[in-house]
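**Student:** One structure, as structure tokens, below. Some questions next.
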Amino acid sequence: MAVRRRPAAAAAGDPPPQAPPADAAAAAPEEPVLRPPNLRVAAVAVVIFLAPFSYLAFVHYPLGADLQRSILKCGAMSLVGFYVALKLIPVAARYHLRRRMFGYDINKKGLPTGQIKVPEALGLVVGIVYLVIAIIFQQFHYAPDSIWLVEYNAALTSVCFMILLGFVDDVLDVPWRVKLALPTFAALPLLMAYAGGTSIIIPKPLTPYVGLTVLELGLFYKLFMLLLAVFCTNSINIHAGLNGLEVGQTVVISAAVLIHNVMRIASSTDIETQQAHEFSIYLVLPFLTISLALLAFNWYPSIVFVGDTYTYFAGMALAVIGILGHFSETLLLFFLPQVLNFLCSVPQLFHFVPCPRHRLPRFDPETGLLTGTKDGNLVNIFLRLFGKCSEKVLCIRLLIFQALCCVFCFWLRYMLTGWYK
């Protein structure tokens, strides 16, 4: 979490600034030097989060050869995106520092590292790389008359719109009431282009009471899509405040989505269902790899801050993946920690109780440990439940909790198969 400090504007009557003398210009500070990315974290994350998907897709399940080739093409392009993001993030970070788009790490206040200028809004870089990879992939995979091409482009348009609005938020620092409305505008291309079904299957235990097995929702289904996009985008944005937490949670969810897609393709005999999950794989695989590249820079201690640009981009990307992949219920289960964090945050978000600008724990520079406050978010709740700890340990605990919730989702789907729907 960053506190941005902008240069003060000159008063109307102040004289124009004078050019510095030649000797002062010669003594100007050199280009800022950034620490190298934590490639060890990225490598470990690649093994942990991509190995299960690769095993299921190419060894465990007998997927078709054509699908496996398409996944390999998408994976190869995604790895290129990973490499490009690693190279571009330091370049963009220096530009952001020049434009004074930086912040200070509040959770290191009182330490020398708390005085380091950390470039902000680097989610812009990975968002652009993701869009380029996804656009190029469609050239190699989808025919010009493919029925999926319209929704594919609509999804990318919504993601692009959200990246733009997220960067606007990072630059202008818009108030919360405006933040809640931003995903509504970004989701419009998706809603207008959506041509899928608008009905839901009634759970079997409720069928005798409802008298229907399928319920047509019409426009209410699109309203649900809109609310899901708004929730996913803002829920990642408010479950934040630690180095690596914003990117880490999206990496865990993305890996779970990949595994879910492969399992559904292998278990389903419906062609449309299989195509929907293939579609989801092609969108989420490059998203996962470019997020891993950003994690190498954002892991504790952060070299860059991701900004609202990334949290909005990540939330919208996952929302369109779940909506167009037709597994929005499962996606919400993957978002269980975000749901809990939102419910705990409701009293403060809606100002039933006082809400500080940054709902962060207290940092003790002497011990280097964080202490939970009374703020209603998972970051502080975990500290109150499990005691003081360092920022890195707290982030790891929260990511383990995220992974356990995803495992719980898979277990719950397995237990309810055949009974619930």
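**Student:** Do you know which of the residues in the range 252-287 that are among the acidic types (Asp, Glu) and in a helix (DSSP H, G or I) is most open to solvent (accessible area, probe 1.4 Å)?
**Tutor:** Step by step, filter the range 252-287, then rank; the result is GLU272.
**Student:** Within the range 202-219, is even one residue within 22 Å of the chain's Cα centre (by Cα) and open to solvent by 10 Å² or more (accessible area, probe 1.4 Å)?
**Tutor:** Scanning the range 202-219 turns up no residue that is within 22 Å of the chain's Cα centre (by Cα) and open to solvent by 10 Å² or more (accessible area, probe 1.4 Å).
**Student:** Within the range 353-379, track down each residue that is in contact (Cβ under 8 Å) with a residue 60 or more places away in the chain, touching a Cys at 6+ places or on another chain (Cβ under 7 Å) and part of a loop (DSSP other than H, G, I, E, B).
**Tutor:** If the condition is that a residue be in contact (Cβ under 8 Å) with a residue 60 or more places away in the chain, touching a Cys at 6+ places or on another chain (Cβ under 7 Å) and part of a loop (DSSP other than H, G, I, E, B), then ASN377 is the only one that fits.
**Student:** Further question on the same structure: From ILE48, ILE71, grab the single residue that is of a type in the set (A, V, I, L, M, F, W, C) and either more than 22 Å from ALA314 (Cα to Cα) or modelled with pLDDT of 95 or more (or both).
**Tutor:** That would be ILE71, the only listed residue that is of a type in the set (A, V, I, L, M, F, W, C) and either more than 22 Å from ALA314 (Cα to Cα) or modelled with pLDDT of 95 or more (or both).
**Student:** A further question follows. Being farther than 19 Å from CYS74 by Cβ, outside any helix (DSSP H, G or I) and among the hydrophobic types (A, V, I, L, M, F, W, C) is the filter here; which residues of the range 148-174 pass it?
**Tutor:** VAL174
**Student:** Within the bounds of the range 337-358, is there any residue that is crowded, with 24+ Cβ neighbours inside 10 Å and among the aromatic types (Phe, Trp, Tyr)?
**Tutor:** No, every residue in the range 337-358 fails to be crowded, with 24+ Cβ neighbours inside 10 Å and among the aromatic types (Phe, Trp, Tyr).
**Student:** Go through the range 213-245 and give me each residue that's free of Cβ contacts under 8 Å to residues at least 40 places away in the same chain, touching a Phe, Trp or Tyr at 6+ places or on another chain (Cβ under 9 Å) and not in a helix (DSSP H, G or I).
**Tutor:** Listed by number, the list holds a single entry, LEU217.
**Student:** Can I ask one more? Please find, among PHE408, PHE401, the residue that is assigned to a helix (DSSP H, G or I) and exposed (fewer than 14 other Cβ atoms within 10 Å of the Cβ).
**Tutor:** PHE408
**Student:** Select from the range 175-201 the residues that are outside any helix (DSSP H, G or I) and open to solvent by 80 Å² or more (accessible area, probe 1.4 Å) and write down the one among them that is nearest to VAL230 (Cα to Cα).
**Tutor:** Filtering the range 175-201 for residues that are outside any helix (DSSP H, G or I) and open to solvent by 80 Å² or more (accessible area, probe 1.4 Å), the one nearest to VAL230 (Cα to Cα) comes out as LEU180.
**Student:** Also, quick follow-up: Conditions: (1) within 17 Å of SER328 (Cβ to Cβ); (2) modelled with pLDDT under 90. SER235 meets all but one. Number of the miss?
**Tutor:** SER235 satisfies every listed condition except (2).
**Student:** Can you name the residue in the range 115-140 that is touching a residue at least 60 places away in the same chain (Cβ under 8 Å) and surrounded by fewer than 17 Cβ atoms within 10 Å (Cβ to Cβ) and, of all such residues, is farthest from PRO36 (Cα to Cα)?
**Tutor:** For the range 115-140, the residue satisfying everything is PHE140.
**Student:** Does LEU223 satisfy being open to solvent by 10 Å² or more (accessible area, probe 1.4 Å) and out of contact with any strand residue (DSSP E or B) (no Cβ under 6 Å at 6 or more places or on another chain)?
**Tutor:** yes
**Student:** In the range 113-142, what residues are closer than 14 Å to ILE303 by Cα and over 24 Å from the mean Cα position of the chain (by Cα)?
**Tutor:** THR113, GLY114, GLN115, ILE116
**Student:** Quick test of your reading of the structure: VAL379 fulfils all but one of (1) buried (at least 18 other Cβ atoms within 10 Å of the Cβ); (2) among the β-branched types (Val, Ile, Thr); (3) farther than 30 Å from TRP148 by Cα; (4) at pLDDT below 95. Name the failing condition by number.
**Tutor:** Against the list (1) buried (at least 18 other Cβ atoms within 10 Å of the Cβ); (2) among the β-branched types (Val, Ile, Thr); (3) farther than 30 Å from TRP148 by Cα; (4) at pLDDT below 95, VAL379 comes up short only on (4).
**Student:** Now a separate question. Among residues belonging to the range 163-174 that are within 14 Å of TYR310 (Cα to Cα) and in contact with a helix residue (DSSP H, G or I) (Cβ under 9 Å, 6 or more places away or on another chain), point out the one that is surrounded by the most Cβ atoms within 10 Å (Cβ to Cβ).
**Tutor:** Top of the filtered list is GLY166.
**Student:** Anything in the range 237-251 that is open to solvent by 10 Å² or more (accessible area, probe 1.4 Å) and farther than 11 Å from VAL306 by Cβ? List them, or say none.
**Tutor:** ILE238
**Student:** Next question. Return the total of residues in the range 76-114 being aromatic (Phe, Trp, Tyr), farther than 30 Å from GLN138 by Cα and either touching a residue at least 60 places away in the same chain (Cβ under 8 Å) or surrounded by 18 or more Cβ atoms within 10 Å (Cβ to Cβ) (or both).
**Tutor:** Final tally of qualifying residues: 2.
The values are calculated or read from the model by the stated rules, or taken from the named source; none is laboratory data. Quantities reported herein were computed from a predicted structural model and do not represent experimental measurements. Note that we place each Cβ from the backbone using ideal geometry, even for glycine, and neighbour counts take in every protein chain shown. Heads up: the accessible areas ignore ligands, DNA and RNA and are worked out on the full protein's heavy atoms, side chains in. Shrake-Rupley method; radii C 1.70, N 1.55, O 1.52, S 1.80 Å.
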